[in-house]
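Here is the structure we will look at.
The values are calculated or read from the model by the stated rules, or taken from the named source; none is laboratory data. Owing to the predicted nature of the structure, the values given are computational and were not obtained by experimental measurement. Using ideal geometry, Cβ is built from the backbone for each residue, glycine included, and neighbour counts are taken over all protein chains shown. Just so you know, the surface numbers come from the protein's heavy atoms only, side chains and all, with ligands and any DNA or RNA stripped out. Shrake-Rupley method; radii C 1.70, N 1.55, O 1.52, S 1.80 Å.
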Amino acid sequence: MVIALAQLMVVLDATIVNIALPSAQQDLGISDGDRQWVITAYTLAFGGLLLLGGRIADLVGRKRTFVIGLVGFAAASALGGAAQTSGMLFGARALQGVFAAVLAPSALSLLTTTFTDPKERGKAFSIYGALAGSGSAIGFIVGGLLTEYLDWRWCLYVNVPIAVIAVFGALALLHDRPGHAGARLDVPGVLLGCGGLVAIVYGFSEAEPRGWTDALVLGLFAAGVVLLVTFVWWQSKAPVPLLPLHIVKDRNRAGCFLTMGLAVIGMFGLFLFMTYYLQVILAYSPVKTGLAFLPLTAAIIIGSTQISARVMHRVPPRLLMAPGMVLAASGMLILTQMTVHSDYATEILPALVLMGLGMGLTFMPVFATATAGIAPQDSGVTSATVNTSQQVGGSIGTALLNTIATTSSTAYVTAHLTTGGDRALIAKEGIVHGYTVAIWCAAGIMLLAGLVAALMVTAKPLGHDAPADGALKESMA
């Protein structure tokens, strides 16, 4: 329960500020072009440093790292809540991401090494998968309540009491062996990997104001690719690599990492656009907007705990993951038809339910398959890689889809203003047009995720994975 509480805090914090964004933007004078950094500063620091966090967990011990992450996360949250400038808020969000990168792999590796019995693992990962999938949506509900009845700053302050409870629970209940003396930190790997990710995400964000063919944008993309290629080369040469290549060379794990990254690109795009669509276009209040996401949360939990958990031991993971992505993409395709006058019950709700069921079918088998049968000394870095794929997907998805949406909106408005008409209506229609273009792209990315899962993930049902689980138990004895 302590691990679940910490994981929920980390995951929902990726989206809890989304509903507060309009209020925070107005309060701190953040420009439209910069507002996405409230999201991407967190997800980018989180995703970029997760592999380092996994190695730190292996080096100093998972329980100690878990507690340090909780304390630092609470302090960064308090700093963000007190922000007086946009730079201070962006910095605090990045700092939250840094400590989340320490906290998250500790949580998942503690879970992995605590539950080794196949049935217990299934139950534990069904809960973890539900939290990982629904935590983002829960963030919208909590964010709506806090923004409307208190202040947007409480979307950050709320983490402090949660972290305090989790720290006391961890000190009292969690047990862990000492860290591995042989584990070392791969600093060049951190600089190369994180630098490459930052360059690519920054390139996506700059493509909107500057254009895709701008020299700076192309330079950022080129630098990002070079840094990431160099990162892979260095990992094959490093004495103690940040990401041991044998982890990603495993076909099933590689398929899970890629499926997760692609799936989250679409999901984060949906959250960002639907938040602004409901508040700006349909004039929903923050609380009403948060409640509008409740069916999505319920569908994710049902898909994860009532469907995936019940059949995961009888069918191969890809028979859950691939159909899950097709379901989610179907929900996205429904949303491509939305207009400035769309009805929530008939046009938005069915899409959210399909999306939630698809994500629920996908998340749990991804987490369970990626971490099944790993050696204890690699549990931290493997757990971190699962989370990295999730956060990097979120960073790229927010920057890329926001750029596509904004560019499409501008083109639509420019073309239609020349014909005359109601400027306010044309502006709203332009915003929605941008969203639908980006959602078309997101649907295609989700279908690609389904294809990856179907072709790459060839693992047998996890209930039949006795040798791997037995080896794990034996190595821990």
Positions within the stretch 326-345 being within 26 Å of the chain's Cα centre (by Cα), open to solvent by 50 Å² or more (accessible area, probe 1.4 Å) and of a type in the set (A, V, I, L, M), in sequence order: V326, L327, L333, I334
Count of residues meeting criterion [open to solvent by less than 20 Å² (accessible area, probe 1.4 Å) and either of a type in the set (D, E) or closer than 20 Å to P286 by Cβ (or both)] in the stretch 142-174: 7
Residue within the stretch 219-242 that is touching a residue at least 24 places away in the same chain (Cβ under 8 Å), closer than 30 Å to I138 by Cα, touching a helix residue (DSSP H, G or I) at 6+ places or on another chain (Cβ under 6 Å) and open to solvent by less than 50 Å² (accessible area, probe 1.4 Å) present: no
Filter pass, R251 being modelled with pLDDT under 85, surrounded by fewer than 24 Cβ atoms within 10 Å (Cβ to Cβ) and over 25 Å from T406 (Cα atoms): no
Flag if W212 is farther than 25 Å from L448 by Cβ and without any contact (Cβ under 8 Å) to a residue 12 or more places away in the chain: no
Residue among F257, F271 that is crowded, with 21+ Cβ neighbours inside 10 Å, touching a residue at least 40 places away in the same chain (Cβ under 8 Å) and touching a Phe, Trp or Tyr at 6+ places or on another chain (Cβ under 9 Å): F271
Filter pass, L448 being under 23 Å from the mean Cα position of the chain (by Cα), open to solvent by 30 Å² or more (accessible area, probe 1.4 Å) and closer than 30 Å to L52 by Cβ: yes
Hey, T406 farther than 30 Å from A94 by Cβ and surrounded by fewer than 24 Cβ atoms within 10 Å (Cβ to Cβ) or not: no
